[in-house]
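The values are calculated or read from the model by the stated rules, or taken from the named source; none is laboratory data. Since we're looking at a predicted model, the values are computed, not measured. Heads up, the Cβs are rebuilt from the backbone with ideal geometry, glycines too, and the neighbour counts pull from every protein chain shown.
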């Protein structure tokens, strides 16, 4: 049976990136993102909000770029696949969670950054120095 495992999610980083280089030399950057959903509660008629928290693993050169440019609170778009992890904790209880394994992370500009950039002359803005920055930065 064929399967399709794809996810696209926009959210804000809940913590600073955690970058590690494995013994193989491969880099991995672990991110946490929170995505908000606002909806009308049919029972109360008022607006309600729920938050979805999920961990993201970014591998390879893109992991290094995330380590360099991202910090807590920064909005990102993550595209990748879901992975299901399960393990036994120290008390012997089975635990599980879903994680996004990122194929692509796009850095989004926050509202405060947009306000600041509108006030500056574009000649003052630094140009991306490599292809990774050009691919990842969105104004």
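What the table shows:
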{"read-out": "Members of region 10-34 found to be out of contact with any helix residue (DSSP H, G or I) (no Cβ under 8 Å at 6 or more places or on another chain), closer than 14 Å to residue 58 by Cα and not in a strand (DSSP E or B), listed by number", "value": "16, 22, 26"}
{"read-out": "Any hit, region 102-123, residues being over 16 Å from residue 19 (Cβ atoms), more than 20 Å from the chain's Cα centre (by Cα) and either modelled with pLDDT of 95 or more or assigned to a loop (DSSP other than H, G, I, E, B) (or both)", "value": "yes"}
{"read-out": "Region 66-94: number of residues that are at negative phi, under 15 Å from the mean Cα position of the chain (by Cα) and not in a strand (DSSP E or B)", "value": "8"}
{"read-out": "Test for residue 11: is it at pLDDT 95 or above, surrounded by 15 or more Cβ atoms within 10 Å (Cβ to Cβ) and within 16 Å of residue 79 (Cβ to Cβ)", "value": "yes"}
{"read-out": "Residue satisfying all of: in region 19-32; in contact with a strand residue (DSSP E or B) (Cβ under 6 Å, 6 or more places away or on another chain) and closer than 19 Å to residue 104 by Cβ; surrounded by the most Cβ atoms within 10 Å (Cβ to Cβ) among these", "value": "31"}
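The rows are residues; the columns are (1) surrounded by fewer than 12 Cβ atoms within 10 Å (Cβ to Cβ); (2) closer than 28 Å to residue 3 by Cα.
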{"site": "34", "(1), (2)": "no, yes"}
{"site": "42", "(1), (2)": "yes, no"}
{"site": "84", "(1), (2)": "yes, yes"}
{"site": "92", "(1), (2)": "yes, no"}
{"site": "95", "(1), (2)": "yes, yes"}
{"site": "99", "(1), (2)": "no, yes"}
{"site": "105", "(1), (2)": "no, yes"}
